[in-house]
Amino acid sequence: MRALVVEDDPRTRRALAELLLELGHEAAEAGSVAEASAAYRDSAPEVAIVDLGLPDGDGLDLVREAPAGTAVLVLTGQGSVRNAVEAMKAGAHDFFVKPLRPAQLRAALEHLEGRAGSVPAVPERPTDGKAAKESPPGKSHGELLGTSEPMREVVRLLTRVAASDAPVFLYGESGTGKEVAARTLHALSRRASGPFVGVNCGAISPNLVESELFGHEKGSFTGAERRREGTFELARRGTLFLDEVTETPLEMQVKLLRVLETKSFRRVGGTEERDVDVRVVASSNRDLLEAVENGAFREDLYYRLAVFPLRLPSLRERLSDVPILAREFLSRVEAEERRDIVDIEPAALEALGRHPWPGNVRELRNVVHRAYVLSDPPAISSEAVEAVLAAPAPVPPGAGGAGDALVVPVRVGDTARAAERKLIEATIAAVGGDKRAAAEMLGLSLKTVYNKLRSWGGS
């Protein structure tokens with residue numbers, strides 16, 4: 001690859017250039033913003049290693065001005081990590097705290113070479129010349145859309161933590177986009193070329209959790225007809241997303257803790273210790289500390305998973321993002337159904353902006369789809385939106401909305417078990433049989449819903 005080293009210290013610049021040559025790459029040098037800008041024009045390097053502190057300007061300018069096809073690796077001192085994060089938001093591929101070690105540079109270059117020809121190696125840069133902090137996160141950060149300050153802060157934190165392998169715990173109300181945030185974190189990390197593997201810990205039968213996570217050997221238990229890799233192996237060199245981790249059985253929490261501490265595991269029925277090379281991201285819509293206090297979740301596992309806790313804001317905390325999200329969901333629906341409804345009336349957007357959104361982003365997506373069905377081209381009408389919002393719909397308990405619209409009759413004399421059964425079955429019916437959606441509305445794990453249905457003779 002053609003590389004450009006931008007560093008004002010001659011000794012450091014020469015050392016990096018020589019290292020690049022040793023690794024088999026071409027290396028040009030620049031000691032200032034002006035020299036680097038000229039190199040951009042003359043040679044269009046494939047990668048630029050840029051120091052943020054330059055004598056004639058800010059290295060951030062070189063991130064923003066980098067030609068298409070040039071991946072920028074930012075160098076920063078310990079005290080300027082915030083600037084490095086801004087550089088990544090502006091389009092830098094990665095950043096490193098000085099001194100840059102040879103192994104780090106080698107890995108970064110191999111990462112870039114591995115991504116060439118498959119997915120874009122360089123994140124989307126602003127095109128209007130403004131600083132990254134003035135541009136919306138949008139699709140350059142996966143599907144984590146929004147320009148509100150709460151979402152800007154989420155993006156800032158995700159970008160910062162993406163540079164490490166520290167375990168991240170995402171929490172927030174149901175429907176706030178925890179999996180989207182996890183995928184965004186993966187896309188921003190140096191593991192982006194590896195797999196992203198998600199597993200819903202609440203949807204796995206308790207007797208299959210260990211096999212799902214760690215895999216099994218042939219014949220290790222009844223039904224194990226062949227060797228199977230678990231999610232820790234499938235996610236090697238990538239990110240493992242443990243959704244609803246609070247639903248993991250206590251006995252499995254011990255084994256999960258051991259894996260995180262020792263960085264190794266054994267398949268069920270196996271004897272060989274296998275190394276773990278994954279970045280773990282966990283999530284829950286439950287209060288994890290409350291689960292710890294209640295004895296439902298191990299305290300030591302909590303501190304292992306929540307090295308970097310990050311809260312996803314509810315939609316009612318960022319109502320200014322509603323138009324952005326609504327138009328994005330409309331574009332997806334229109335692409336699927338092709339009815340030439342390509343806009344949303346201003347009055348409809350105003351109505352969406354007044355709604356409290358107890359179901360958060362997931363509820364907004366459903367409302368847009370339903371309003372689309374009720375509208376005629378060329379735009380979603382305010383009448384359709386008002387009709388959808390006024391229609392009775394189940395509301396997740398405790399989500400902060402105006403109250404539950406689903407009413408279940410319970411008579412004096414009914415047992416608690418009977419009342420619970422009525423509520424669960426009525427909720428499942430209200431969402432068209434979608435047990436996962438019903439579980440989220442009820443604040444239960446999918447596993448719990450299935451177990452209760454089986455105990456009542458249902459499926």
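The values are calculated or read from the model by the stated rules, or taken from the named source; none is laboratory data. What you see is a predicted model; the values in this text were computed from it and never measured. Cβ atoms come from the backbone with ideal geometry, glycine included; neighbour counts cover every protein chain shown.
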Restricting attention to the stretch 228-261, and to residues there that are closer than 19 Å to Ala306 by Cβ and hydroxyl-bearing (Ser, Thr, Tyr), which single residue is modelled with the highest pLDDT?
Thr239
Filtered residues of the stretch 157-169 (kept if surrounded by 24 or more Cβ atoms within 10 Å (Cβ to Cβ) and either in contact with a Phe, Trp or Tyr (Cβ under 9 Å, 6 or more places away or on another chain) or of a type outside the set (A, V, I, L, M) (or both)):
Thr159, Val168
The strands (runs of 3 or more DSSP E) lying entirely within the stretch 3-90 that contain at least 3 residues which are under 32 Å from the mean Cα position of the chain (by Cα) and either within 22 Å of Ser189 (Cβ to Cβ) or modelled with pLDDT of 90 or more (or both) are 47-51, 71-76
The conditions are (1) among the β-branched types (Val, Ile, Thr); (2) more than 25 Å from Ala163 (Cα to Cα); (3) in a helix (DSSP H, G or I), and Thr271 fails exactly one of them. Which is it?
(3)
Restricting attention to the stretch 142-162, which residues are farther than 27 Å from Val367 by Cα and either of a type in the set (Val, Ile, Thr) or touching a strand residue (DSSP E or B) at 6+ places or on another chain (Cβ under 6 Å) (or both)?
Leu157, Thr159, Val161
Can you name every residue in the stretch 97-115 that is at pLDDT below 75 and within 23 Å of the chain's Cα centre (by Cα)?
His111, Leu112, Gly114, Arg115
Where a residue in the stretch 34-51 is more than 16 Å from Asp9 (Cα to Cα) and its partner, wherever it lies, is of a type in the set (Gly, Ala, Ser) and modelled with pLDDT of 90 or more, with Cβ under 6 Å and at least six apart
Ala39/Ala28; Ala39/Ala30; Pro45/Ala3; Val47/Ala3
Of (1) within 25 Å of Ala439 (Cβ to Cβ); (2) surrounded by fewer than 20 Cβ atoms within 10 Å (Cβ to Cβ); (3) modelled with pLDDT of 80 or more, Ser205 fails just (3)
Within the stretch 288-301, restricting attention to residues that are without any contact (Cβ under 8 Å) to a residue 40 or more places away in the chain and not aliphatic (A, V, I, L, M), which residue is nearest to Asp165 (Cα to Cα)?
Glu299
Out of the residues in the stretch 22-35 that are farther than 12 Å from Leu105 by Cβ and of a type in the set (A, V, I, L, M), state the one that is surrounded by the most Cβ atoms within 10 Å (Cβ to Cβ).
Ala30
Taking the stretch 267-285, which residues are surrounded by 17 or more Cβ atoms within 10 Å (Cβ to Cβ) and either of a type outside the set (A, V, I, L, M, F, W, C) or more than 17 Å from Val168 (Cα to Cα) (or both)?
Arg267, Val268, Arg274, Arg279, Ser283, Ser284, Asn285
